[in-house]
1. Give the stretch 59-77 a look and list any residue that's over 12 Å from residue 38 (Cβ atoms) and in a helix (DSSP H, G or I), or say none.
2. Of the conditions (1) under 12 Å from residue 94 (Cβ atoms); (2) open to solvent by 20 Å² or more (accessible area, probe 1.4 Å); (3) at pLDDT 90 or above; (4) not acidic (Asp, Glu), residue 126 clears all except one; give me its number.
3. Out of the residues in the stretch 84-107 that are in a loop (DSSP other than H, G, I, E, B) and open to solvent by 70 Å² or more (accessible area, probe 1.4 Å), state the one that is modelled with the lowest pLDDT.
4. So which of 37, 3 is in contact (Cβ under 8 Å) with a residue 24 or more places away in the chain and either more than 24 Å from the chain's Cα centre (by Cα) or closer than 14 Å to residue 71 by Cβ (or both)?
5. With the checklist (1) closer than 30 Å to residue 140 by Cα; (2) not polar (S, T, N, Q); (3) not in a strand (DSSP E or B) in hand, flag the one item residue 56 doesn't pass.
6. Confirm whether residue 110 is under 28 Å from residue 149 (Cα atoms), exposed (fewer than 15 other Cβ atoms within 10 Å of the Cβ) and at pLDDT below 95.
7. For the stretch 17-40, how many residues are surrounded by fewer than 19 Cβ atoms within 10 Å (Cβ to Cβ) and either among the β-branched types (Val, Ile, Thr) or assigned to a loop (DSSP other than H, G, I, E, B) (or both)?
8. Please go through (1) touching a helix residue (DSSP H, G or I) at 6+ places or on another chain (Cβ under 6 Å); (2) in contact (Cβ under 8 Å) with a residue 12 or more places away in the chain for residue 43 and return the number of the only condition it doesn't satisfy.
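The values are calculated or read from the model by the stated rules, or taken from the named source; none is laboratory data. Remember, it's a predicted structure, so these values are computed and weren't measured experimentally. Cβ placement follows ideal geometry from the backbone for every residue including glycine, while neighbour counts extend to all protein chains displayed. Ligands, DNA and RNA are excluded from the accessible area calculation, which covers all protein heavy atoms including side chains. Shrake-Rupley method; radii C 1.70, N 1.55, O 1.52, S 1.80 Å.
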Amino acid sequence: MKSYIIPQFLILNNDINNAVVQNKNGINHLTNKSIISFFNKIDNLHKNLVTEQFLEDYFGLEIYKSTLKFMLDSQLLEEKVEYYSEYKNIVVFTNNKKIYNLMSKVMNEKNDTLTSYYLNTFQSDWFEAKIKEISDDSLIISIFSPLDFNEYTWLCDFLRENNKIYCTAFPYNKKFYFSNIYIVINGKIHVQSALFLS
């Protein structure tokens, strides 16, 4: 059974026939009483996920499909994509020589599915060529130390454009922070929080 994500939203009710819903995708002016009632109910229940059965029960068999199509087209709902990824390899890039040396000594000796590289800057022809060589079943981890925000945003955009599975990391205040794992499926970016090695 399909499930649908309800992006976090704000609703402003002008009256029972007029409301505005704002979410990450934009602003929608609603005039359909049933849809306005639906978003008020979801807001009260603090739900961010509904099943197709929930929508059918709420709107009724006669109109739920057309209502669902409207909400998907308006980006009020997003279809939840179920996926499972196995990473056969992990490729680590870092702009920090000490982190690279540590990874080379400790991890590379014990794990043949892990490769690490040192580079001065991510925005280089060498890095772009290397990324294009990496297979689609590899997880790319980029460790920034120091963190350069311009380079970080460039890197994330570049990896998305090349449909790579990736996460980023950086040390801060004596701790190490890792982002979620991001993957592009059907042109949309999805977040995965688990790591599987085969």
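1. If the condition is that a residue be over 12 Å from residue 38 (Cβ atoms) and in a helix (DSSP H, G or I), then 65, 66, 69, 72, 73 are the ones that fit.
2. Result: residue 126 fails condition (1) only.
3. The selected residue is 84.
4. Residue meeting the stated conditions: 3.
5. If we test residue 56 against (1) closer than 30 Å to residue 140 by Cα; (2) not polar (S, T, N, Q); (3) not in a strand (DSSP E or B), just (1) comes out false.
6. No; evaluated as a whole, the condition is false for this residue.
7. 7
8. (1)
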